[in-house]
Amino acid sequence: MKKSIGHLTAPRLWLVMTRSHHGLRQLAEQSIAKAGLCLTDFAALEALLHKGPLSISEIQGKVLLASGSMTAAVDRLEKRGLVVRKSSPDDRRARIVKLTQQGKRLAASCFEKHANDLEAVMSVLSQREKRQMYSSLKRLGIAAAETLDKQEHLRAEGH
């Protein structure tokens, strides 16, 4: 017998979202660990696989990592022969990160396994539930970003 949720408070919803994220993150990390990658390295490879060559700051923006973490990830990937750094044709000071053939193969196979693992766990949701969750989480994320922007603006004004 299912327990009734009753009035769902924001803190309760936050707790459920946090626990869900924790479990999904563990699954994702487990999914890619067999290839000898951590989540940060995989995220960088995945961005390069789907977006093509990018600067470190562009990769960083896609995977939401701090600059130092992103540079360390690219260093690890380069050491393994999965990426190379090249000069940008547009700006000789900028460096572009590009997948090697080995990097493309590994990124593609890891992403396929990762996607399949996520599809399997999320199969407990109907397509309608997935669309609703996507829409709700996107709206919530936008509202949180707007709130942070407003708070930053007020701080900048000295309030």
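Restricting the trypsin sites (Lys or Arg not before Pro) of the stretch 46-118 to loop positions (DSSP other than H, G, I, E, B) with no more than 12 neighbouring Cβ atoms within 10 Å leaves ARG92, ARG93. Extension gain for GLU157-ALA10 works out to 50.0 nm (0.36 nm per residue, less the C-alpha to C-alpha distance). Hydrodynamic analysis of the stretch 73-131 uses the Kirkwood radius over alpha carbon pairs. Inserted into Stokes-Einstein at 4 °C and 1.567 mPa s, it gives a translational diffusion coefficient of 93 µm²/s. Using only Cα atoms, locate the centre of the stretch 51-126 and the centre of the stretch 135-159, then give the distance between them in Å, rounded to an integer. If you average the Cα positions of each part, the centres end up 28 Å apart. Ranking of ASP41, ASP75, ASP90 by neighbouring Cβ atoms within 10 Å, starting from the fewest: ASP90, ASP75, ASP41.
Entry note, the chain: the mean residue ellipticity at 222 nm calculated from DSSP H runs of n ≥ 4, each adding -39500 (n - 2.57), is -23500 deg cm²/dmol after division by the residues and rounding to the nearest 500.
Between LEU148 and SER55, the FRET efficiency estimated from the beta carbon spacing at R0 = 30 angstrom works out to 0.75.
Taken along the Cα-to-beta-carbon direction at a fixed 7 Å, the label points for LEU118 and LYS104 span 2.3 nm.
Coordinate-derived values only; no laboratory data. Source: prediction; values computed, not measured. As a convention, Cβ positions derive from the backbone with ideal geometry for all residues, glycine included, and neighbour counts pool all protein chains shown.
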